[in-house]
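As structure tokens, the structure follows; a few thoughts come after it.
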Amino acid sequence: MKKSLSFLLAMLVLVAPAVAQKTYKGLPVIEASAPVADYKVGSEWVKGNWNIMPEYAPDVLKIPVHSKKVNVTFYTDRDSISFKVKEGKSYPFYVRINNQYALTELQGVGFKAVKFNETNKIPAYTLLYEQDPDNSYLASLRAAYNLDEIVAGAQNDTEKALRMVNWVHKQWNHDGMNEPSRNDALTILAEAKEGKQFRCVEYGIVTTACLNAIGLPARTMGLKTKDVETTEFGAGHVLLEVYLPDLQKWVLLDGQFDVMPVLNNVPLNAVEFQQAIANNYDKLEIRSLSGANKAQYVNWVYPYLYYFDVKFDNREGIALKRETVDSKQSLMLVPVGAKAPTIFQKVRPMNYLKYTNSIVDLYQAPVITAKPRTAQN
């Protein structure tokens, strides 16, 4: 018995240094062979979403904190590290891969609802939407891709929208650097058939056109971060909103990720989504026919939900002369008290915008005078 106990103690002494946490420059180190990592926030897994990149120092992973703290574990293919993350706190560590040290930092991020003017009831602007049931461009799109078949048998407008955004989501894989030869749905889909891949912008354009083609008014929407003027990259994202007549409300869709946000069984527009993240995260649902991960999507998209812009003229067509307001193409919803941004990522002027703080300007119901489209014979 004494021999066995002595042997066990000796083994513990030998093993202890091997399992002790390594350090580099005073920070903990975990090992990795594969360049992709997973992480777990509370009970929610986010898999295959984090690329280990030594060239960024630090490479920051923002963690949503909806209470005082949240348990987070970061997993590589060989190792893991855990923290109790608090809002406003940072948790740096190194990942050693291929004899390089990737400085990685978890940042606890709290969520606050952005405020807008909700007292105005009369819109200050008129936004135009597709009204022509005989629009030849949309008829070509509808016939070429059998769009009626995609939504056949759908029980309501919500289901139609979910089916359509899922269909567009599956047409190509996201490539944030590639652009089509022309920014219209028919060109994008034709080039996707050839194997090309495109950005978030193109998911927005195509999904919007397809929804308009089946009679659901839709518009692309640009999202921009609070630091849109001062950051050098990653300040914008494009998705879309669709007006669902049976609910009489605008609803956000994101073709890149195949998602629709829902709270208490009611689909949300972009501003409602931002406020639900801040105030009702536990009840918030991300509907997705391809199974998009709630924690992953919310964590990624939340910083973009600060400035919101849409075109004044949302009609469909290639050679269409677009209506403007004071020579401006788009209307941006700006939070109360926030600066109206005029520069995108330090260098690109945003001289195409009018600005408003009023919710009703962006979320007025579309005026549709034409008869709804019916299924093709």
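The values are calculated or read from the model by the stated rules, or taken from the named source; none is laboratory data. Everything quoted here is computed from the prediction, not taken from an experiment. Positions of Cβ are backbone-derived with ideal geometry, glycine not excepted, and every protein chain shown enters the neighbour counts. All accessible areas refer to the heavy atoms of the entire protein, side chains included, with ligands and DNA or RNA removed. Shrake-Rupley method; radii C 1.70, N 1.55, O 1.52, S 1.80 Å.
Heavy-atom accessible area with a 1.4 Å probe sorts 286, 318, largest first, into 318, 286. Rg and Dmax over the alpha-carbon atoms of the chain stand at 24.3, 92 Å. Approximating the spin labels as points 7 Å out from Cα along Cα→Cβ, the residue 187-to-residue 246 distance works out to 3.6 nm.
What is the magnitude of the charge dipole of the range 32-82 about its Cα centre, with +1 placed on the Cβ of each Lys and Arg, -1 on the Cβ of each Asp and Glu, and no other charges, expressed in debye to the nearest 20?
Numbers: 6 positive and 6 negative charges, 62 e Å.
Roughly 300 debye for the range 32-82.
For the chain, the fraction of 1.4 Å probe accessible surface lying on carbon and sulfur atoms is 50 percent.
Given a 1.4 Å probe and the protein chains as shown, residue 67 ends up with an accessible area of around 80 Å².
For the chain, what does the accessible surface come to per residue with a 1.4 Å probe? Please give it in Å².
Roughly 51 Å² per residue, with all protein chains present.
Each Lys or Arg adds one and each Asp or Glu takes one away; over the other residues whose Cβ falls under 10 Å from the Cβ of residue 83, this sums to +4.
The listed residues 114, 347 rank as 347, 114 when sorted by accessible area, largest first, using a 1.4 Å probe. Note on the range 176-204 and the range 79-117: Cα centroid distance 33 Å, given to the nearest whole angstrom.
To the nearest ten degrees, helix 2-19 and the longest principal axis of the Cα atoms of the chain are 40 degrees apart. Against the longest principal axis of the chain, how steep is helix 270-279, in degrees 0 to 90 to the nearest 10, with axes from Cα atoms? Relative to the chain, helix 270-279 is tipped by roughly 30 degrees. Of the whole protein surface, residue 271 contributes about 10 Å² of accessible area at a 1.4 Å probe radius.
Here are some pairs, 22/86; 283/339; 69/115; 283/354; which of them have Cα atoms lying more than 27 Å apart in this structure?
Details: 22/86 24 Å; 283/339 31 Å; 69/115 25 Å; 283/354 35 Å.
With Cα atoms farther than 27 Å apart: 283/339; 283/354.
For the residues 349, 335, 217, a GNM of the chain with alpha-carbon springs under 10 Å puts the largest fluctuation on 349. Largest GNM mean-square fluctuation among 365, 192, 57, using the chain with Cα springs under 10 Å: 57.
Largest GNM mean-square fluctuation across 81, 188, 214, computed for the chain with C-alpha springs under 10 Å, falls on 81.
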